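Enquirer: This is the structure I want to talk about, given as structure tokens.
No value in this document is a laboratory result; all are computed from the given coordinates. If you're wondering where the values come from, they're calculated on a predicted model, not measured in any experiment. Backbone-built Cβ (ideal geometry, glycine too); neighbour counts: all protein chains shown.
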């Protein structure tokens, strides 16, 4: 099996690749990272087999404050058009939607905590999701949402947010939720986002966020399954 080069776009130090890094090591692949908060430069797209775009508290249109965002969206679009696998998580998913011409806007409510996801009709029939349960509990931390880009498949929904995931083409997957989190990364997100944990219907307390880590192994299993399937495309390029 061909060893692949996975590259990660990371926007803040407390939202790293989590279990994705463990998957890369287990498979014998290589992982590099652009840490935008350290003003690191973009890589050469020709050197990357698989792009992972992480989350962060900024918005996709905050280009005046985060000047790299416009270039990041162009890079994401170029990767998708090149037919290479792209995985976006939370902000990363919103950046993918924006790069594909779909609007990103505030969700009717913030969704922070462990909440159930359900496959849509198209999600039930999508081969990429074979082996993924029709409904399961995942970790969420977002205030914005995206419209589904033209030509993409809407895959998941939740009670708080209708558009939770989409697949564009065969290998550009956008996930509004966090399957990559570990107990360490959940703790880091709670520490840095404590000010957002107010009393609202779809915002859990820090105790609930930290106490429901029984879901981590199931989330990480699904993440590994999706990474396995997406990386198969690289073997055919």
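Enquirer: Which three lengths, in whole Å and largest first, does the range 59-108 cover when its Cα atoms are put on their principal axes?
Expert: The Cα atoms of the range 59-108 stretch 32, 25, 17 Å along their principal axes.
Enquirer: Rank 192, 11, 140 by mean-square fluctuation in a GNM of the chain with C-alpha springs under 10 angstrom and give only the top-ranked residue.
Expert: 192
Enquirer: Suppose R0 equals 45 Å. What FRET efficiency, 1/(1 + (r/R0)^6) with r the Cβ-Cβ distance, do residue 184 and residue 63 give to the nearest 0.05?
Expert: Values: r = 31 Å, r/R0 = 0.69.
Calculated value: 0.90.
Enquirer: If r is the Cβ-Cβ distance from residue 206 to residue 45 and R0 is 30 Å, what FRET efficiency results, to the nearest 0.05? Display every interim value, and only then the final one.
Expert: Numbers: r = 40 Å, r/R0 = 1.32.
Using R0 = 30 Å, I get an efficiency of 0.15.
Enquirer: Just to be sure I understand: with springs between alpha-carbon atoms less than 10 Å apart, which residue in 35, 84, 27 has the highest mean-square fluctuation in the Gaussian network model of the chain?
Expert: 27
Enquirer: When the Kirkwood hydrodynamic radius is evaluated over all pairs of different C-alpha atoms of the chain, what value in angstrom, to one decimal, is obtained?
Expert: Details: mean 1/r = 0.0565 Å⁻¹.
Here the Kirkwood hydrodynamic radius works out to 17.7 Å.
Enquirer: Over the chain, what relative contact order in percent results from Cα pairs under 8 Å that are six or more residues apart? Walk me through the intermediate numbers first.
Expert: Numbers: 456 pairs, mean separation 48.8, N = 237.
Relative contact order for the chain comes out at 21 percent.
Enquirer: Expressed as a whole number of Å, what is the distance separating the alpha-carbon centroids of the range 1-60 and the range 176-225?
Expert: Taking the Cα centre of each part, the range 176-225 and the range 1-60 sit 20 Å apart.
Enquirer: Before anything else, pin down the relative contact order of the range 98-212: Cα pairs under 8 Å, at least 6 apart, normalised by residue count, whole percent.
Expert: Details: 190 pairs, mean separation 32.5, N = 115.
About 28 percent, as a whole number.
Enquirer: Once Rh for the range 94-205 is found with the Kirkwood sum over Cα pairs, what is the Stokes-Einstein diffusion coefficient at 4 °C and 1.567 mPa s, in µm²/s? Don't jump to the answer; show the numbers that get you there.
Expert: Working: Rh = 14.7 Å.
My calculation gives 88 µm²/s for D.
Enquirer: Further, regarding this structure: For the range 21-105, what is Rg from Cα atoms divided by 2.2 N^0.38 Å, rounded to two decimals? Display every interim value, and only then the final one.
Expert: Details: Rg = 13.0 Å, N = 85, 2.2 N^0.38 = 11.9 Å.
Compared with the compact-globule rule of thumb, the range 21-105 sits at 1.09.
Enquirer: Also, quick follow-up: Springs between alpha-carbon atoms under 10 Å, Gaussian network over the chain: tell me which of 82, 147, 138 tops the mean-square fluctuations.
Expert: 82
Enquirer: When the Debye formula is applied to the Cα atoms of the range 70-137, each taken as the same point scatterer, what base-10 log of I(q)/I(0) results at q = 0.11, 0.13, 0.15, 0.17 Å⁻¹?
Expert: Log10 of I(q)/I(0), two decimals: -0.37, -0.52, -0.68, -0.86.
Enquirer: While we're on this one: In what order do 157, 38 fall by count of nearby beta-carbon atoms within 10 Å, going from fewest to most? Write out the running numbers ahead of the final one.
Expert: Details: 157 18, 38 9.
By the 10 Å Cβ count, ascending, the order reads 38, 157.
Enquirer: Using the Cα gyration tensor of the range 108-165, with a ≥ b ≥ c the square roots of its eigenvalues, what is the shape: rounded (a/c below 1.5), prolate (a/b larger than b/c) or oblate (neither)?
Expert: Values: a/c = 2.55, a/b = 1.28, b/c = 2.00.
Oblate is the answer for the range 108-165, as a/c is 1.5 or above yet b/c matches or exceeds a/b.
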